[in-house]
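The structure appears right after this line, and notes come after that.
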Amino acid sequence: RNFATVMVHRLQLILFAFIAFIASCVDRLPESPDASKSNRLIVDGFISNERGPYTVKLFRSRGVYTNLESPIPVIAKSVVILVDGTQEELLKPISPGIYQTSEGFRGELGRTYQLRIADFEGNIFHSTEQRIYEAGAVDSIYYQYVPNVIIKDRPLSGFRVFFDSEAGVNSSAFF
C-alpha cells in the first residue's frame, strides 16, 4: 500500500471513532444495582504466539458506586496455564493479585490452553480450553448511517458497522 492509501484509511477510522463517540448514548444506572454482583472473581489476562512473559491479574468485583481505580487483589494458592491438558506453566506472583509466566513462555498455533486458579479455601477455578488460531486479516471497515430506527417505541439514529475479513490459513474457526 502506498502512503496516501494508508493515511486515508487512518483518517476514515479516526472519523468513524469520533462519530461513534459523539453519537453514543448514556443510560442512567438503576438507583439500587444488584449487590449480588459484588465480590466475584475477575480474571484479566491473555496469551498469544508472541514471546512472553504474560501477566494474569486476579481481583474482586466491587459495587457500582465504589472507587473502581482501587481493585481488590486476590492472592491465589496457585495460578497455572495448562497446555494441551498435560503440560503446566506455573505463574509466579509478582505483586498482590498479579501473576506472570516465565520469560520464554509463548503460545503456539494449534495448541489448547486453559487457566487453572486454586485459592486458599480449596476452591479451584478453571477456564474452558481455548485453541490459538492463526490470525486473519481485516480487509476493510465501513459503516452505514441509519436514521430513525424505532427501538423501544423511540425513533433513534445510529450507525451500522461492517468489516470484511479473512480467517487465517487452515483455520476452521468461523466468526
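The values are calculated or read from the model by the stated rules, or taken from the named source; none is laboratory data. From a predicted model like this one, the values you see are computed outputs, not experimental measurements. Here Cβ is always computed from backbone atoms with ideal geometry, including for glycine, and neighbour counts include all displayed protein chains.
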**Prompt:** Where in the stretch 65-175 are there strands (runs of 3 or more DSSP E), lying wholly inside it, with at least 1 residues that are modelled with pLDDT of 90 or more and surrounded by 14 or more Cβ atoms within 10 Å (Cβ to Cβ)?
**Reply:** 78-83, 87-90, 92-95, 98-100, 112-118, 124-126, 137-151
**Residues being out of contact with any Asp or Glu (no Cβ under 8 Å at 6 or more places or on another chain), surrounded by 12 or more Cβ atoms within 10 Å (Cβ to Cβ) and either modelled with pLDDT under 65 or charged (D, E, K, R) (or both) - total across the stretch 24-64** = 4
